[in-house]
1. I need a count of the residues in the stretch 83-98 that are in contact (Cβ under 8 Å) with a residue 24 or more places away in the chain and in a helix (DSSP H, G or I).
2. If I ask for residues that are among the hydroxyl-bearing types (Ser, Thr, Tyr) and under 19 Å from the mean Cα position of the chain (by Cα), which ones from the stretch 177-200 would you list?
3. From the list Ile179, Ile183, Ile138, exactly one residue is out of contact with any helix residue (DSSP H, G or I) (no Cβ under 8 Å at 6 or more places or on another chain) and either in a loop (DSSP other than H, G, I, E, B) or within 14 Å of Val213 (Cα to Cα) (or both). Which is it?
4. Run down Glu163, Glu205, Glu229 and say which single residue is closer than 30 Å to Lys108 by Cβ and free of Cβ contacts under 8 Å to residues at least 40 places away in the same chain.
5. Could you grab me the full set of residues in the stretch 91-112 that are basic (Lys, Arg), out of contact with any His (no Cβ under 9 Å at 6 or more places or on another chain) and surrounded by 14 or more Cβ atoms within 10 Å (Cβ to Cβ)?
6. Of the residues Arg76, Arg111, only one is free of Cβ contacts under 8 Å to residues at least 40 places away in the same chain and assigned by TED's automatic domain parsing to the domain that holds Thr54; which?
7. Filter the stretch 145-176 down to the residues that are out of contact with any helix residue (DSSP H, G or I) (no Cβ under 7 Å at 6 or more places or on another chain), part of a helix (DSSP H, G or I) and either outside the structural domain of Ser216 (by TED's automatic domain parsing) or over 14 Å from Met12 (Cβ atoms) (or both) and list them by number.
8. The conditions are (1) within 12 Å of Ala232 (Cα to Cα); (2) of a type in the set (D, E, K, R); (3) not in a helix (DSSP H, G or I), and Lys202 fails exactly one of them. Which is it?
Amino acid sequence: MPQDSAQFAALMNIAHAIAETTRRVQEQLRPLQNQALNSETGSLNTAASSLFRTLTRAAANDGFDPSDRLVLHKIRKELNSIIRHSDMLREHRQLRADHKPIVEELGKDARMLLRELEEAHKTAKKIPSSSKTEPGRILIIDDDDANRVVLARHLQQLGHNVETSSSSRKVFDLLAGAIFDLIFLDLTMPEVDGLAILTQLKASERWRAIPVVMISGIHDEDSVINCIEAGAD
């Protein structure tokens with residue numbers, strides 16, 4: 001059974017955070033020119049890249065299905081690899097103390113995604129296969145082409161009508177021309193950031209009732225709190 005769109009977006013947000021944190025770990029440790037540390041970060045990068053490809057391919061094919069044991073096994077394997085290598089890196093005697101927080105963040109994100117995935121798997125098993133999501137009209141605003149295409153394809157495979165834009169400045173023009181049931185809004189965009197758009201939406205009597213799901217690769221508690229306080233779903 002394909003995953004519901006909000007839950008899939010939440011899983012992808014954590015996967016984005018893992019990929020971004022892995023990149024930052026590599027950038028910080030590369031100047032040390034330590035072969036052992038570089039080997040661990042290389043293994044981390046391989047697992048993080050494989051994880052992201054597995055999720056996006058699953059979504060692109062038949063819609064991400066958390067009850068699919070084969071896909072679940074592959075993602076578990078990749079996440080456990082990230083957790084194992086991040087733990088080994090954190091305990092490495094040649095890792096400087098100022099580098100440990102970002103390595104710990106990586107392990108924390110991987111464990112979080114594993115928990116979310118297991119919860120999604122349990123939920124999917126409880127839902128009868130005959131259950132269907134009512135089709136809706138959904139708007140996706142994200143300047144990242146790959147993320148936008150993958151999410152749109154997943155939602156379309158669930159039967160929804162989807163419109164997309166890479167420009168945050170076009171949000172209100174698009175809303176003025178159609179009625180949407182849900183908005184996926186990227187938090188970090190170059191023109192107008194997602195939080196500013198969210199604040200304007202929730203201040204409008206015309207559009208405040210539309211649910212807004214924020215999507216981002218940034219794993220920052222303050223940003224999450226700000227979005228919730230501004231009215232994100």
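The values are calculated or read from the model by the stated rules, or taken from the named source; none is laboratory data. All figures in this text were calculated on a predicted structure; none of them were measured in a lab. Methodologically, a virtual Cβ is constructed for each residue, glycine included, from the backbone with ideal geometry; neighbour enumeration extends over all protein chains shown.
1. 5
2. The one that is among the hydroxyl-bearing types (Ser, Thr, Tyr) and under 19 Å from the mean Cα position of the chain (by Cα): Thr188.
3. Testing whether each residue is out of contact with any helix residue (DSSP H, G or I) (no Cβ under 8 Å at 6 or more places or on another chain) and either in a loop (DSSP other than H, G, I, E, B) or within 14 Å of Val213 (Cα to Cα) (or both) leaves just Ile179.
4. That would be Glu229, the only listed residue that is closer than 30 Å to Lys108 by Cβ and free of Cβ contacts under 8 Å to residues at least 40 places away in the same chain.
5. Selection gives Lys100, Arg111.
6. Selected residue: Arg111, the only one of Arg76, Arg111 that is free of Cβ contacts under 8 Å to residues at least 40 places away in the same chain and assigned by TED's automatic domain parsing to the domain that holds Thr54.
7. Asp145, Gln156, Gln157, Arg169, Lys170, Phe172, Asp173, Leu174, Leu175, Ala176
8. Failing condition for Lys202: (3).
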